[in-house]
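No value in this document is a laboratory result; all are computed from the given coordinates. Because the structure is a prediction, the values reported are computed rather than measured. Don't worry about glycine lacking a Cβ; one is built from the backbone with ideal geometry, like all the others, and counts go over all protein chains shown.
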Amino acid sequence: MEDLEELKARVEAILYSAGKPVPLNVIMRVCGTRSRKKVLKAIEELRSHYDRGSGALELIELPGSRYYLKLRRKYVDLVKRVLRKPLLSRGVMRTLSFIAYHQPIEQSRVAEARGGSAYKHVRILLEKGLIEAEKSGRTLILRTTPLFAELFGVENDPKAIRRKLKEQLKSVNVKPGKDGR
């Protein structure tokens, strides 16, 4: 594929449709090119297009050469008014909150606290790029990602996330768990 405009359109279509971070190698494969350089050029041009404009979308790069097309923060509340279903189910959101609060945490401990469905929740959260997992023996160590921090408007630091969650819990008058966290 020689046409940069067509390549940009394909990359944009992939990122728009995915709804989750997409690794560079997947973008290249789906676009049918082996040229990392061309795809990176298309991504950079798309990013500067979104940065220049006053549109509702932005293109961000995440660790591991993953790319994500997302709604700008200032439009999230507006869009929530028309969405019928939440982006994450209540159970998945609770599992995410548990991980965010207790991170880094073993997946087995999350399942212990949240039940057997936590494994499914973790898989969903990994797919959406909100958490990352590191193999440790027979389990995984889970922590939130920079995408999580950006989407929820918090600093990408476990202590800052914990403070923010405590503030949220106080505002809805809920007490943290037995261990004081």
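As I understand it, the dipole of the range 90-171 uses +1 on the Cβ of Lys and Arg and -1 on the Cβ of Asp and Glu, about the Cα centre. Which of V154, I131, I105 lies farthest toward its positive end?
I105
On a C-alpha basis, how far is the centre of the range 93-151 from the centre of the range 1-26 in Å? Whole number, if you could?
28 Å
Would you mind working out the magnitude of the charge dipole of the range 4-78 relative to its Cα centre, with +1 at each Lys and Arg C-beta and -1 at each Asp and Glu C-beta, to the nearest 20 Debye?
260 debye
How much length, in nm to one decimal, is gained on full extension between S17 and T139, taken as 0.36 nm per residue of separation minus their Cα-Cα distance?
40.7 nm
For the range 30-163, with only Lys/Arg (+1) and Asp/Glu (-1) charged at the beta-carbon, what is the dipole magnitude about the Cα centre, in debye rounded to 20?
Taking the Cα centre of the range 30-163 as origin, the dipole is about 380 debye.
Taking 1 over the mean of 1/r across every pair of different Cα atoms in the chain, what Kirkwood radius in Å do you get?
18.1 Å
How high is the relative contact order of the range 1-110, in percent, with contacts defined as C-alpha pairs under 8 Å that are six or more residues apart?
Rounded, it is 23 percent for the range 1-110.
Over 32 Å between Cα atoms, which of K120/K159; K70/K159; K37/K120; K8/K166; K38/K159; K20/K135 qualify?
Too far apart for the 32 Å limit: K37/K120; K8/K166; K38/K159.
Just check the range 4-78 against the gyration tensor rule for me: Cα atoms, a ≥ b ≥ c as the square roots of the eigenvalues, rounded for a/c under 1.5, and otherwise prolate or oblate depending on whether a/b exceeds b/c.
The shape class here is prolate.
Can you sort K38, K128 so the residue with the fewest Cβ neighbours within 10 Å comes first?
The order, fewest Cβ neighbours first, is K38, K128.
Report ³J(HN,Hα) in whole Hz for each residue of the range 132-141, in order, from the Karplus equation J = 6.51 cos²θ - 1.76 cosθ + 1.60 where θ = phi - 60°; Gly and Pro get x.
3J(HN,Hα) across the range 132-141, in whole Hz: 10, 10, 10, 5, 9, x, 9, 10, 10, 9.
Output ³J(HN,Hα) for the range 33-40: one whole-Hz value per residue in order, computed from phi by the Karplus curve 6.51 cos²θ - 1.76 cosθ + 1.60 with θ = phi - 60°, and x for Gly and Pro.
9, 9, 7, 4, 4, 5, 5, 5
Working out 0.36 nm times the residue gap between L71 and R109, then minus their Cα-Cα distance, what length gain in nm do you get to one decimal?
Here the answer is 10.4 nm.
Packing-wise, with mean Cβ within 10 Å as the measure, how do 135-141, 96-102, 46-52 rank, highest first?
Top to bottom by mean Cβ count within 10 Å: 96-102, 46-52, 135-141.
Taking a label point 7 Å from the Cα of S48 along the Cα→Cβ vector, which residues of the range 1-36 have an amide N closer than 15 Å to it?
Residues passing the 15 Å test: 4-5, 8.
How large is ³J(HN,Hα) for each residue in the range 151-161, as worked out from phi by the Karplus curve 6.51 cos²θ - 1.76 cosθ + 1.60 (θ = phi - 60°), to whole Hz, x for Gly and Pro?
5, 9, x, 10, 5, 7, 9, x, 5, 5, 5
Between Y119 and K37, what is 0.36 nm times their sequence separation minus the Cα-Cα distance? Round to one decimal in nm.
25.8 nm
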